[in-house]
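See below for the structure under consideration.
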Amino acid sequence: MLQYEVIMVILGLFSWWYGRGWAGVLKSTQHRLASLGEMFSIKILLNTLFAPWRRIITYPGAGLDARLRALGDNLVSRCVGFTVRFFVLLAAGVAFLCMIAVGILELVVWPLTPLLAAALIVKGLL
């Protein structure tokens, strides 16, 4: 009777491992990618890509000199904002690629783990 229960537990484990467990790994990878997107605020960065840096703007004065100075200051502020946001988006892209690579590796290694464990146990017994 005990052997039957052990066999059922092992079959249940393998059924879960190659079914819902594997699907859970895929779902976990998708969740990590979504969290990474939220962490980097990608939607906000894309919507404000050309916005002035930290909303630093200069209001033009009455004279032509003041207007040109305000135009230059605002242009510099937008260039700084674009540069910073672009490099953050670039870092987010690198982080996404790394996370995707880890997820693919995890999906490939997941089905091999029980076989590797069994092989190591057999090798240890020999």
Quiz item: Would it be correct to say that GLY12 is in a helix (DSSP H, G or I), over 29 Å from the mean Cα position of the chain (by Cα), without any contact (Cβ under 8 Å) to a residue 12 or more places away in the chain and under 30 Å from ALA91 (Cβ atoms)?
Solution: no
Quiz item: So GLY124 clears everything in (1) modelled with pLDDT under 90; (2) farther than 30 Å from TRP17 by Cα except one condition, right? Which one?
Solution: (2)
Practice problem: May I ask you to verify whether LEU26 is outside any helix (DSSP H, G or I) and either at pLDDT 90 or above or in contact with a helix residue (DSSP H, G or I) (Cβ under 6 Å, 6 or more places away or on another chain) (or both)? | Solution: no
Exercise. May I ask you to verify whether VAL94 is under 20 Å from the mean Cα position of the chain (by Cα) and either surrounded by 13 or more Cβ atoms within 10 Å (Cβ to Cβ) or hydroxyl-bearing (Ser, Thr, Tyr) (or both)?
Key: no
Quiz item: So LEU26 fits all but one of (1) surrounded by 12 or more Cβ atoms within 10 Å (Cβ to Cβ); (2) over 30 Å from ALA118 (Cα atoms); (3) not β-branched (Val, Ile, Thr); what number is the exception?
Solution: (2)
Quiz item: For the range 53-90, how many residues meet the condition of being within 27 Å of the chain's Cα centre (by Cα), surrounded by 11 or more Cβ atoms within 10 Å (Cβ to Cβ) and of a type in the set (A, V, I, L, M)?
Solution: 4
Practice problem: Please name all residue pairs, on different chains or six or more residues apart, with Cβ atoms under 6 Å, provided the first residue is in the range 99-115 and is over 8 Å from THR29 (Cβ atoms) and the second residue is of a type in the set (A, V, I, L, M) and part of a helix (DSSP H, G or I). | Solution: TRP110/VAL25
Exercise. Could you grab me the full set of residues in the range 14-64 that are closer than 17 Å to GLY103 by Cβ and polar (S, T, N, Q)?
Key: SER28, THR29, GLN30, SER35
Quiz item: Across the range 47-84, what is the total count of residues that are aliphatic (A, V, I, L, M) and in a loop (DSSP other than H, G, I, E, B)?
Solution: 5
Practice problem: Would you be able to say whether some residue in the range 105-118 is over 30 Å from PHE14 (Cβ atoms), out of contact with any Lys or Arg (no Cβ under 6 Å at 6 or more places or on another chain) and assigned to a helix (DSSP H, G or I)? | Solution: no
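The values are calculated or read from the model by the stated rules, or taken from the named source; none is laboratory data. Since we're looking at a predicted model, the values are computed, not measured. We place every Cβ from the backbone using ideal geometry, glycine too, and count neighbours over all the protein chains shown.
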